[in-house]
Structure formats: structure tokens, C-alpha cells
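I have placed the structure first, in the form of C-alpha cells, so that the comments after it can refer back to it.
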Amino acid sequence: MHLEKQKHDFEPKIIAFVCTWCTYAGADLAGTSRMQYPANVRVVKFPCTGRIDPVFILKAFQQGADGVLVSGCHPGDCHYIAGNFHARRRFAAFRKLMEFIGVDLSRIQFSWVSAAEGGKWVEVVTDLTERVRALGPMVEFKELALEEQWSGNLNNPELQAVYEAM
Amino acid sequence: MTQTIDISRYSALTEAIRTEARRILSDGTVSAVIGYTSGRRTGAVQPIVITAADDADKLLFTAACVNNLAVYLTKAKKDVPKRGRIAVVLKGCDLKALVGLIGESQLKREDLYLIGIPCSGVLGSVLKPDQELTTATIASKCCECTDRLPQGCDFVPAVDLPSPVPLEQRYAAEIARLEAMTPSERWEYWKEQFSKCIKCYACRQVCPFCFCEQCLCDRNRPQMVEQSPRPSGNTAWHIMRAMHLAGRCAGCGECERACPMDIPLNLLNRKMAKELKELFGTEAGFEVQDKGPLTSFKEDDDQSFIR
């Protein structure tokens, strides 16, 4: 089932934060079953979704990610009993905050992928990649990283007056 | 139209605080009282820790008593004596912060003697501390205050509050205005706001809930938040701050007051409080709760956003 390789103008960078017990094993299953999925995804393995701090998502965007996927065990299947329940609440809150700050939420995807769901992993990754490809590069955080210190700008009339008086 | 807010009860409150402080200090109930005293400028107020009954007359309560004194009880502030019971003067919003700290096992209720203040509101800015308290000069947090009478305190002066003046809901209006914008407009708004940040961390210092021995943003192995006052680091810091306070913030608004660059920090906190109330039905109150909304869970929490 080798698909023909397509050429795209834009290859998004997707960072996937996955839990080692379910989604990582699920991605592994997709690999050993020889399923094809976009190579845009970079998998970062964590012990549990409960370990994934929202600040990691920010960091990923700052370092050039165009989309972020957070994936772990289905509720009730957590290796650490309740890690994913805590993560679920945390990400529900974090989504609302990112929305309020003005980040496009379709770039952040949360999913439950179990160790047996190689097919679902392929589906989730393909969907997110294609969606982010359609959206284009995530420029907001990258622009911030390139911008110089704003408070040093002398375009403020008050500061300009003080500067000229010196 | 600006309208004067009746604070004539504040002089009776001052008397009651002084009498109570004198009593509890002289009979040895407490070893210290944290309260407000007059500052150097006319009308200015500053926090004070008194340990002698004779100093009780230094205490007062006016509309310029903006500080949240609960911050002096956290382990981040080491200048308050840790021996014996400590009395602290608290407005409703400050009490909610203190209750949050008790819930997070930072303080023990039996080590504290709480003096609650039935509060009609305080000034939004103390640049002119002697100005009159009106519907224009009142702090934004007081406009949306629903808990003017503290509950569960050891002592609340018996002063009846005047009926509240209707006030414009500033945060609710601003949140609604921002929510109606497109994501890119909101991003532009926050970009401009965060651009003012000079990373002085006054918001962190003044926050009762920022008691971590080492803040995540001070760590550099690994460095999660850029430390220099540059755009990306500022944005990351403010997002992280809002996230760490989500479900904990009591709405005392000290971050916004302390900010020298006038960044609307409490707006982020209010938005998160609103969202968490909608999502999980929890909000800061006078009841001590063992677990906050983000440290607990229900098996049937909403997961419609998860695939």
C-alpha cells in the first residue's frame, strides 16, 4: 500500500506530546503494521499526559511548531490511575486561555489513542497535518521571537521628548 | 455620571480594629497584628506589623487600604514573625485569597486570627491616596464584588454596610468586548499589552498564590520561559502566570494594581475564573476547599474537545 509521494509547498511541523503507555505504543503499532502517515509529526514521549505542562505547548510554538498534538490514554485507562483526568481539566482550561489570547485553536489537537489504536493514530495525525497545512505556517509566536525589545522602541512621543531633551 | 460612595463607616471600622488589636495583643491571643497604617503622604496607607498593644492606635482603615495583607503570611515573605498566632486585617477579597492558601496547606486556620472588614470598596489607584471614593475612582475589582461582608472570621466589626451603589461591571464588559473580536484582533490586543511588560515581576511578588520557592520562569535548566523582557518571553510569562493562577486566583486584583506598566492582568484572571466556573462550577469563596478545580477531577468532565 505504498502511496505515491505528493509534493506540497508547505510542510507543517507538528509536535506530538504523547504518553508512553498508550499513544506511543499506538504509534508504534501503526509503524509495525506498516501504516502510512505524514512524516510531519515529531513525537515527544512523556510518562503520562498528566506530565505534559501547558508551557511545553507554548515552547513548541515558540520553537517553530505549526501545530501541536497532545495524546494519551482513554479516560479510565491511565497507567497512573488518574493522570489523564487531571490533564483533561488542565487542557480544557488552557484551550480557553489560548483562545482568549488569540491563538487559533484548530492548531492544537487533543486526543485519546490507546495502544491498540494504530489506525486512529494515523487518522488523527493525518487530519491535523492536513488541517494545519491548509492554515499555513503559525507565524504569531515566530514573529514574537524575532522581534526586538519593544520597550526599547523610541516611537513613544513621551520617550522621544525625554530623549531629545537630553 | 460619577457618584460618591459612602465610606463614612470607615472611621468606625478604624476604631473597632484598634480596640480589637489592643485587646488581642494585651491578653496574648496573638503575637502580632498585620494591618494598615498611615503612610508618609497625606492619605497614603501602608502595611504594618505591630507586636505591642500600645501600637494599636497606629492601625486604620480607609479607602486607600488597597493591599492584600494575606501575602505577608505566605512562605515567600519572611519578615513576619512565625511564632504564635498572627492576626491579620482582611477585606472580603483578601479573605478569599487567604482561604485559598489554607486550602493549599500553606497556612493553618488555628494559627491565624482573622479580622474581617465589611468593605464598601477601595480606590483603584493610590497615586492620589487622599482622593474621594467615587464610582469613577473605585477599583475595578470592587465593581464586581459580591462578597463585601467577610464570613468565617474571628472578629468582624459590627458595622452595617450602606446599600451598594450600582457600578459598571468593568471586567465583564471588557471580556465581552474581547470575546467578540476575531482571534487575530485579540492577538494584536494582547501583543500590545504584553509589549509594555518590563519583567519586573511585581505581579508575582504581590500575589498571595505565587509562593513557589523557585518560580518556573527563574529556572534555566531547562529554560521554559525566556527571561529577558522581550516579546516572546513576555507573552510566555503572562500566559504561564494566568495558567498557574487558573482556579486559584481569588480576584484581589493586586497584580493589576502593582503593575507599573498598567497591563490588564486581572482581566486574564477574571476570564479564567469565568471559564472555570462554566466548565467545572467552581469559584473562589469563603469556604476552605481541599482541592481546587485543576487539582481534582470528575470522571464525567466535558471532553467534547478531545478526539
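The values are calculated or read from the model by the stated rules, or taken from the named source; none is laboratory data. Worth saying up front: this structure is predicted, and the values here are computed from it rather than measured. Cβ: placed from backbone, ideal geometry, glycine included. Neighbour counts: every protein chain shown.
Only one of these conditions is not met by residue A:62: (1) at pLDDT 95 or above; (2) surrounded by 17 or more Cβ atoms within 10 Å (Cβ to Cβ). Which number is it?
That leaves (1) as the condition not met.
Please verify whether residue A:93 is surrounded by 20 or more Cβ atoms within 10 Å (Cβ to Cβ), without any contact (Cβ under 8 Å) to a residue 60 or more places away in the chain and within 22 Å of the chain's Cα centre (by Cα), treating the condition exactly as stated. Even if it seems obvious, please write down each step before you answer.
Details: surrounded by 20 or more Cβ atoms within 10 Å (Cβ to Cβ): yes; without any contact (Cβ under 8 Å) to a residue 60 or more places away in the chain: yes; within 22 Å of the chain's Cα centre (by Cα): yes.
For residue A:93, the condition - surrounded by 20 or more Cβ atoms within 10 Å (Cβ to Cβ), without any contact (Cβ under 8 Å) to a residue 60 or more places away in the chain and within 22 Å of the chain's Cα centre (by Cα) - is met.
Report whether or not residue A:164 is part of a helix (DSSP H, G or I) and surrounded by fewer than 17 Cβ atoms within 10 Å (Cβ to Cβ).
In short, yes.
Only residues that are touching a residue at least 12 places away in the same chain (Cβ under 8 Å) and facing chain A (nearest Cβ under 7 Å): list them for the range B:226-242, please. Steps first, answer last, please.
Step one: of the range B:226-242, the residues touching a residue at least 12 places away in the same chain (Cβ under 8 Å) are B:227-229, B:231, B:233-238, B:240-242.
Of everything in the range B:226-242, those that are touching a residue at least 12 places away in the same chain (Cβ under 8 Å) and facing chain A (nearest Cβ under 7 Å) turn out to be B:229, B:231, B:235, B:236, B:240, B:242.
Conditions tested, residue by residue: (1) closer than 23 Å to residue B:138 by Cα; (2) at pLDDT below 95; (3) assigned by TED's automatic domain parsing to the domain that holds residue B:203.
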| site | (1), (2), (3) |
| --- | --- |
| B:5 | yes, yes, no |
| B:28 | no, yes, no |
| B:51 | no, yes, no |
| B:59 | yes, no, no |
| B:71 | yes, yes, no |
| B:76 | no, yes, no |
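Give the residues of the range A:102-146 that are buried (at least 21 other Cβ atoms within 10 Å of the Cβ), among the hydroxyl-bearing types (Ser, Thr, Tyr) and assigned to a helix (DSSP H, G or I), sorted by residue number.
Matches in the range A:102-146: A:129 only.
Looking at residue B:278 and the list (1) assigned to a loop (DSSP other than H, G, I, E, B); (2) more than 8 Å from chain A (Cβ to nearest Cβ); (3) modelled with pLDDT of 90 or more; (4) over 19 Å from the mean Cα position of the chain (by Cα), which single condition is not satisfied?
So the condition that residue B:278 fails would be (1).
Consider the range A:7-43. How many of its residues are among the aliphatic types (A, V, I, L, M) and exposed (fewer than 13 other Cβ atoms within 10 Å of the Cβ)? Give the derivation first.
If we filter the range A:7-43 for residues that are among the aliphatic types (A, V, I, L, M), which is where we start, we get A:14-16, A:18, A:25, A:27, A:29-30, A:35, A:39, A:41, A:43.
Checking which are exposed (fewer than 13 other Cβ atoms within 10 Å of the Cβ) leaves us with A:39.
Counting residues in the range A:7-43 that are among the aliphatic types (A, V, I, L, M) and exposed (fewer than 13 other Cβ atoms within 10 Å of the Cβ) gives 1.
Tally up the residues in the range B:37-72 that are surrounded by fewer than 23 Cβ atoms within 10 Å (Cβ to Cβ), part of a helix (DSSP H, G or I), of a type outside the set (Ser, Thr, Tyr) and within 24 Å of the chain's Cα centre (by Cα), please.
Qualifying residue count, the range B:37-72: 1.
In this structure, does residue B:161 turn out to be aliphatic (A, V, I, L, M), farther than 30 Å from residue B:19 by Cα, in a loop (DSSP other than H, G, I, E, B) and touching a residue at least 24 places away in the same chain (Cβ under 8 Å)?
Details: aliphatic (A, V, I, L, M): yes; farther than 30 Å from residue B:19 by Cα: no; in a loop (DSSP other than H, G, I, E, B): yes; touching a residue at least 24 places away in the same chain (Cβ under 8 Å): yes.
In short, no.
Looking at this structure, is residue A:41 in contact with a Ser or Thr (Cβ under 8 Å, 6 or more places away or on another chain) and under 28 Å from residue A:10 (Cα atoms)? Walk me through it before giving the result.
On the way: in contact with a Ser or Thr (Cβ under 8 Å, 6 or more places away or on another chain): yes; under 28 Å from residue A:10 (Cα atoms): yes.
Considered against the rule, which asks whether it is in contact with a Ser or Thr (Cβ under 8 Å, 6 or more places away or on another chain) and under 28 Å from residue A:10 (Cα atoms), residue A:41 comes out as yes.
Quick one: which residue in B:200, B:212, B:145, B:153 is touching a strand residue (DSSP E or B) at 6+ places or on another chain (Cβ under 7 Å) and in a loop (DSSP other than H, G, I, E, B)?
Numbers: B:200 fails: touching a strand residue (DSSP E or B) at 6+ places or on another chain (Cβ under 7 Å); B:212 fails: touching a strand residue (DSSP E or B) at 6+ places or on another chain (Cβ under 7 Å); B:145 fails: touching a strand residue (DSSP E or B) at 6+ places or on another chain (Cβ under 7 Å).
So the residue among B:200, B:212, B:145, B:153 that is touching a strand residue (DSSP E or B) at 6+ places or on another chain (Cβ under 7 Å) and in a loop (DSSP other than H, G, I, E, B) is B:153.
What are the pairs, 6+ residues apart or on separate chains, where a residue within the range B:183-201 that is within 9 Å of chain A (Cβ to nearest Cβ) and aliphatic (A, V, I, L, M) has its Cβ under 9 Å from a residue that is surrounded by 15 or more Cβ atoms within 10 Å (Cβ to Cβ) and in a helix (DSSP H, G or I)?
B:198/A:151; B:198/B:234
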